Amino acid sequence: MALKKANILIVDDDYDMLELVQRQLHEQNFHSYQAASVVEAIDILKFNAVDLLITDLQMPGIGGMELIKYVEEHFPKVPKLVITGYPSIDGALNSIKSGALDYLVKPFTKEELLKAVENSLPKRSLSSEKNPLPINKLHIYAGIVGQSKKIEQLIDLIERVKNNRATVLIQGESGTGKELVARAIHYKGSFAANPFIAVNCGAIPEELLESELFGYKKGAFTGANDNRQGFFQAAAGGTIFLDEIGTAPLSVQTRLLRVLQEKEVRRIGEQKAQKIEVRVIAATNSDLKQMIKKGTFREDLYYRLNVMQIETPPLRDHKIDIPLLAKNFLKKYATEYAKPGTEITEKAMEILERHNWPGNVRELENVIQRALIMSEKSIDIKQLPDYLKYPTPNFESNSKSLQQVEKEHILKIMASVDNNKTKAAEILQIDRKTLRKKLK
């Protein structure tokens, strides 16, 4: 089911309530932004098309009533729905007088929330508007290949956020194309002429990540022989993509939070901060909520990053796109290896469609690349790695230990990527150190 066209902004300083309301809205295929303060909410309203505001009244600093009054005069067409845990007749009357259409008291049921949302939204927002992009006929969108419902929803989300500076958090398994989505958001949007800076937080040593991101002043530390701008300054006016954000140490997380809150960057060793306009897109295949519970990721940073959330679907959930993806990779590498006209046989394609692809699109690309190198005029069963094919019957398989089964699977993956440990680790979703231990 495609997302409904209403964009809903949820404002509450209670992170659990933010999460609950967002989840309930997403279950009904509504698209939402979330803000933990009035200041954040106003920033989102300025740069995004919002069809409904849902706000709490009691918040530290600037309260929800001030937000309602602000929106009533600056964005008069945006309907307002109030939720509060401190019910009072005066509060209800004041919010209604200030422009709110409805008033919900916590705790409320999912049914009560959805009924209030539907009553508050303009009728046009709930209608099934025709998608401006013929996505079901689309084969390639900024490098994203597919025509499944999953890809249709993914492209729909990109279309919604591409022209604004809302912070985006992309979550998904390794190999699902998170950087591809980030690049699509940037290059399909109105900031495409400005810089796109991709930073793999997991690939930069912890002790260097802070100076690489924010820059440093000459003499700030041993080896700082010159003034140097960081990645944030390099991305000014455009987009910075922070891949593997879950690997960032807490010291860097604290500075990132300040960048998102204050819209300013301060180089290491410098006292004065510098204002900066940059869109932040972060990505992770880690469970950030579990990391929050363990104290390794800041909860306030998570919600600053998660203003807009995009999930990249695993390939097993949209197998209908495998033929298109396979042919796209074949075309790409056929040109590179001077093998034009190479095709995939019907039987080979059946095997590709049958596999569950734990390494997702990246694993499929590796398989096609390897098969093309091994092929003559076409890619047939013979050119596909053995681990994709029906396994050799083994009546003793039930007596194997978990460690044996695991090692056999790792060896199959290693063979499929010509023993390239980096690629194998990506497909298996483990780091190289863990891979080396498992191979001993």
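Does the range 281-336 hold any residues that are aromatic (Phe, Trp, Tyr) and under 30 Å from TYR15 (Cα atoms), and which are they?
From the range 281-336, those aromatic (Phe, Trp, Tyr) are 297, 302-303, 329, 333; that's our starting set.
Residues satisfying the conditions are PHE297, TYR302, TYR303.
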Practice task
Inspect the range 92-101 for any residue being open to solvent by 20 Å² or more (accessible area, probe 1.4 Å) and modelled with pLDDT of 80 or more and give the result as yes or no.
Solution key: no
Handout entry: Residue that is farthest from MET291 (Cα to Cα) [pool: residues in the range 222-243 that are charged (D, E, K, R) and part of a strand (DSSP E or B)]
Key = ARG228
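Condition test on LEU364, is it at pLDDT below 90 and within 30 Å of GLU179 (Cβ to Cβ)?
Taking the combined requirement at face value, the residue does not satisfy it.
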Fill in the blank from the handout: GLY237 vs (1) closer than 28 Å to MET308 by Cα; (2) in contact with a strand residue (DSSP E or B) (Cβ under 8 Å, 6 or more places away or on another chain): all pass except (2)
Practice task
For the range 341-363, name all the residues that are in contact with an Asp or Glu (Cβ under 7 Å, 6 or more places away or on another chain) and on the phi > 0 side of the Ramachandran plot.
Solution key: TRP357, ASN360
Problem - Residues of the range 244-272 satisfying the condition of being of a type in the set (Gly, Ala, Ser) and either surrounded by 15 or more Cβ atoms within 10 Å (Cβ to Cβ) or in a strand (DSSP E or B) (or both) - result: GLY246, ALA248, GLY269
Problem - Single residue of the range 247-278 satisfying the filter (of a type in the set (S, T, N, Q) and within 17 Å of ARG304 (Cβ to Cβ)) that is farthest from the chain's Cα centre (by Cα) - result: SER251
Handout entry: Unmet requirement for ILE292, which otherwise passes all of (1) among the aliphatic types (A, V, I, L, M); (2) more than 30 Å from GLY237 (Cα to Cα); (3) touching a Leu at 6+ places or on another chain (Cβ under 8 Å)
Key = (3)
Completion exercise
Counting only residues that are touching a residue at least 60 places away in the same chain (Cβ under 8 Å), surrounded by fewer than 19 Cβ atoms within 10 Å (Cβ to Cβ) and more than 28 Å from ASP300 (Cβ to Cβ), the range 154-197 contains a total of 1
Handout entry: Close pairs (6 angstrom Cβ cut-off, 6 or more residues apart or separate chains): under 10 Å from ARG267 (Cα atoms) in the range 205-229, basic (Lys, Arg) anywhere
Key = PHE214/ARG267; GLY215/ARG228; GLY215/ARG267; TYR216/ARG228; TYR216/ARG267; LYS217/ARG267; ASN227/LYS217; ASN227/LYS218
Practice task
Go through (1) part of a helix (DSSP H, G or I); (2) surrounded by fewer than 17 Cβ atoms within 10 Å (Cβ to Cβ); (3) in contact with a strand residue (DSSP E or B) (Cβ under 9 Å, 6 or more places away or on another chain) one by one and return the number of the condition LYS218 breaks.
Solution key: (1)
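Inspect the range 394-404 for any residue being in a helix (DSSP H, G or I), under 31 Å from the mean Cα position of the chain (by Cα), farther than 30 Å from GLN171 by Cβ and without any contact (Cβ under 8 Å) to a residue 60 or more places away in the chain and give the result as yes or no.
Scanning the range 394-404, I find no residue that is in a helix (DSSP H, G or I), under 31 Å from the mean Cα position of the chain (by Cα), farther than 30 Å from GLN171 by Cβ and without any contact (Cβ under 8 Å) to a residue 60 or more places away in the chain, so the answer is no.
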Fill in the blank from the handout: Within the range 33-79, the residues that are of a type in the set (S, T, N, Q), modelled with pLDDT of 85 or more and surrounded by fewer than 23 Cβ atoms within 10 Å (Cβ to Cβ) are SER37
Problem - Test for ILE410: is it open to solvent by less than 80 Å² (accessible area, probe 1.4 Å), under 19 Å from GLY175 (Cβ atoms), outside any loop (DSSP other than H, G, I, E, B) and in contact (Cβ under 8 Å) with a residue 60 or more places away in the chain - result: no
Exercise for the section: Please work out which one of (1) farther than 20 Å from LYS275 by Cβ; (2) open to solvent by 60 Å² or more (accessible area, probe 1.4 Å) is the condition ILE204 fails and give its number. Expected result: (2)
Handout entry: Enumerated helices (runs of 4 or more DSSP H) restricted to the range 133-215, each holding at least 2 residues that are charged (D, E, K, R) and more than 25 Å from VAL252 (Cβ to Cβ)
Key = 149-161
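The values are calculated or read from the model by the stated rules, or taken from the named source; none is laboratory data. If you're wondering where the values come from, they're calculated on a predicted model, not measured in any experiment. Cβ atoms come from the backbone with ideal geometry, glycine included; neighbour counts cover every protein chain shown. Just so you know, the surface numbers come from the protein's heavy atoms only, side chains and all, with ligands and any DNA or RNA stripped out. Shrake-Rupley method; radii C 1.70, N 1.55, O 1.52, S 1.80 Å.
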